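Structure first, then comments.
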Amino acid sequence: VRVHLYGRPVDMRKSFDGLYALARHGVGQDPLSGHLFVFINRKR
């Protein structure tokens, strides 16, 4: 399993669809691949 970190702050009120889009386009990976995606907020 690979862990992908999205390094910019994310509004954690986004729905699943919003985080899915960030994983797909921001990280460039398929969110359904079985890998883990880590998002941070402004406070980290």
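The values are calculated or read from the model by the stated rules, or taken from the named source; none is laboratory data. Remember, predicted model here, so these are calculated numbers, not experimental data. Accessible surface areas use protein heavy atoms only, side chains included; no ligands, DNA or RNA. Shrake-Rupley method; radii C 1.70, N 1.55, O 1.52, S 1.80 Å.
Near the amide H of HIS4, within less than 5 Å, lie the amide hydrogens of LEU36, PHE37, VAL38, all on another chain or at least 5 residues away, with H placed in the peptide plane.
Rolling a 1.4 Å probe across the protein heavy atoms gives the chain an accessible surface of 82 Å² per residue. Measure off, as a whole percent, the carbon and sulfur share of the 1.4 Å-probe accessible area of the chain, all protein chains present. Here it works out to 51 percent.
Taking θ as phi - 60° and the Karplus parameters 6.51, -1.76 and 1.60, the scalar couplings of the stretch 20-25 work out to 4, 5, 5, 5, 6, 9 Hz in sequence order, x denoting glycine and proline.
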